[in-house]
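Taking it in order: structure first as structure tokens, then the write-up.
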Amino acid sequence: MELIMNKGSEFISKVIYPASDESLQPNTICDGDTSKINFFKTADLNKQYRLQLTAMHDARLDNVTIAVVPDAVWTKGRQVSESDAGNMLILFKESYFRTHIYPDKCAWMTHELAHCQYRLNCKTEKFYQKKLKTYAYTDLQSNHPYPNNLVEQYAFAKQFQFLQKQGIHRVEIHGFLKVFYSDEDFIFFDRLLDEIFE
Ligand SMILES: [Zn+2]
């Protein structure tokens, strides 16, 4: 998932960076509901989530900040994760993040880490934002460059490849995507899944 949608930017600016002081660091927030947001570095992830971090093979990602946001202040609806790659920040909805039996079975952590990795590979935020608006499959009839853009193509590819290595079948990936995306988005997903599960 990504931050280009206004709802995401609004959420991060209001909940994570509520003050006008742009230098405010996430871990200095201590007022109201935001005090319940739990921040830590990816280097401190538990064993189950660490598997996804190590699979990225990129030490630069050890310094990404994870914010676990209580459901009561989560405004992204059904979406369970969000990245602010420019600030090396990944947000998770608490109830999803703390699922015990099969935590993050959809590998959204990999997806969001891939956003951060893509941003690290871009020299500037402007360049990253440009890639978010650049169509990935230009022959597809998309009305807007989400999710059919270069950054999402990269992030979803990493996510699907990780799941594939875990023995997850294409049909299961299709199933969980249905929860979050509309039929028209599957023009993009089916193409990408074709490439990975060829
Ligand atoms: Zn994304």
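The values are calculated or read from the model by the stated rules, or taken from the named source; none is laboratory data. Because the structure is predicted, anything quoted here is derived from the model rather than measured. We place every Cβ from the backbone using ideal geometry, glycine too, and count neighbours over all the protein chains shown.
Return the total of residues in region 81-113 being among the aliphatic types (A, V, I, L, M) and either modelled with pLDDT under 95 or farther than 18 Å from residue 166 by Cβ (or both).
6
Do you know which residues across region 108-118 are of a type outside the set (Val, Ile, Thr) and surrounded by 23 or more Cβ atoms within 10 Å (Cβ to Cβ)?
108, 109, 111, 112, 113, 114, 115, 116
What about residue 126, is it surrounded by fewer than 20 Cβ atoms within 10 Å (Cβ to Cβ), under 24 Å from residue 60 (Cα atoms) and away from the ligand (no atom under 16 Å from the Cβ)? Show your work before the answer.
On the way: surrounded by fewer than 20 Cβ atoms within 10 Å (Cβ to Cβ): yes; under 24 Å from residue 60 (Cα atoms): yes; away from the ligand (no atom under 16 Å from the Cβ): yes.
Here the answer is yes, as residue 126 does meet what is asked.
Among the residues of region 180-198, what is the count of those that are assigned to a helix (DSSP H, G or I), within 15 Å of the ligand (Cβ to nearest atom) and closer than 25 Å to residue 49 by Cβ? So that I can check it myself, show each step before the final result.
Step one: of region 180-198, the residues assigned to a helix (DSSP H, G or I) are 180, 183-196.
Still in the list and also within 15 Å of the ligand (Cβ to nearest atom): 180, 185, 188-189, 192.
Retained after the next criterion (residues that are closer than 25 Å to residue 49 by Cβ): 180, 189, 192.
The number of residues fulfilling the criteria is 3.
Among the residues of region 136-160, what is the count of those that are within 15 Å of the ligand (Cβ to nearest atom) and surrounded by fewer than 16 Cβ atoms within 10 Å (Cβ to Cβ)?
1
Any residue in region 133-146 that is under 17 Å from residue 55 (Cα atoms) and in contact (Cβ under 8 Å) with a residue 40 or more places away in the chain?
First pass over region 133-146, keeping only residues under 17 Å from residue 55 (Cα atoms): none.
Scanning region 133-146, I find no residue that is under 17 Å from residue 55 (Cα atoms) and in contact (Cβ under 8 Å) with a residue 40 or more places away in the chain, so the answer is no.
What number of residues in region 161-198 are under 22 Å from residue 96 (Cβ atoms), of a type in the set (A, V, I, L, M) and crowded, with 20+ Cβ neighbours inside 10 Å?
2
Could you grab the pairs with beta carbons closer than 8 Å, sequence gap of 6+ or different chains, first residue in region 102-130 and closer than 16 Å to residue 155 by Cβ and in a loop (DSSP other than H, G, I, E, B), second one within 11 Å of the ligand (Cβ to nearest atom) and not acidic (Asp, Glu)?
106/159; 107/159
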